[in-house]
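This report concerns only the one structure given below.
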Amino acid sequence: MSELLDKELEFVRQAQTKQSSGLVGLYQLHADRLYRQVIFPCLADESASEDILKETFIVVMKQIQSYEWDQTKGVFPWLARIARNRALDLHRKRTREHRGNGVYRQELDLLAPEKSPDQILEEHQEQQLLKQQIQSCLSSLNSRYRRALELRLFQELSREECAEQLDIQLSTFDVLFHRALRACRKIWKNTF
């Protein structure tokens, strides 16, 4: 058995006997990888991803007693399945809420009074300014970051399609996209 699997097994056994060092060890070994490879790619939202990571380890703490050690793969696939399920649950909930809000918004729009020409002009000017600001922010990014954001956010390609377009591995795209979002957010905060 590899050194990593030996560590994992020890942490699992500690956690199963309710020693906090076991759960802490599993967290230290796998939290970053779960966040980068499983949770964030599903949600693309730092705050929600951090919450799901916490929820994942709460579930692990509750279910570790029933976990059966896999000597070939270790504990990561089990952790990843829990994290993925929590992230997908949140994603589905957001989708349902968004759909519901869309229907509600349509009903409200039907009741809303028509806008004056001045309001329409003002909204148009605000939209143009926002487009210019977004374009300025994107043009400040390096070309790989800009291309990753354009493919994923504006062309709405799947992660797999984006990776294929950029001729990189899916996991590499996930890291690239995450870094591009952070860089864009930093430019936006410092500029606008």
Completion exercise
Filtering region 1-45 down to residues that are in contact (Cβ under 8 Å) with a residue 60 or more places away in the chain and either touching a Pro at 6+ places or on another chain (Cβ under 6 Å) or closer than 20 Å to residue 172 by Cα (or both) yields 36, 37, 40, 41, 44
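Looking at 46, 68, which is the one that is closer than 18 Å to residue 177 by Cβ and surrounded by fewer than 20 Cβ atoms within 10 Å (Cβ to Cβ)? Can you show your working first?
On the way: 68 fails: closer than 18 Å to residue 177 by Cβ.
Of 46, 68, the one residue that is closer than 18 Å to residue 177 by Cβ and surrounded by fewer than 20 Cβ atoms within 10 Å (Cβ to Cβ) is 46.
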Exercise for the section: Looking only at region 119-127, decide whether some residue is among the aliphatic types (A, V, I, L, M), within 21 Å of residue 44 (Cβ to Cβ) and assigned to a helix (DSSP H, G or I). Expected result: no
Practice task
Looking at (1) closer than 24 Å to residue 172 by Cβ; (2) surrounded by fewer than 16 Cβ atoms within 10 Å (Cβ to Cβ), find the lone condition where residue 53 falls short.
Solution key: (2)
Fill in the blank from the handout: Cβ pairs under 8 Å, 6+ apart or interchain, first in region 61-73 and touching a residue at least 12 places away in the same chain (Cβ under 8 Å) and assigned to a loop (DSSP other than H, G, I, E, B), second surrounded by 10 or more Cβ atoms within 10 Å (Cβ to Cβ) and aromatic (Phe, Trp, Tyr), ordered by first then second residue, are 67/78
Practice task
Filter region 154-169 down to residues that are surrounded by 15 or more Cβ atoms within 10 Å (Cβ to Cβ) and not polar (S, T, N, Q) and give me whichever is nearest to residue 44 (Cα to Cα).
Solution key: 159
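None of the figures in this text is laboratory data; all of them are computed from the coordinates on show. Small disclaimer: the values here were computed from a predicted structure and weren't measured. A quick note on method: Cβ atoms are made from the backbone with ideal geometry, for glycine too, and the neighbour counts reach across all protein chains shown.
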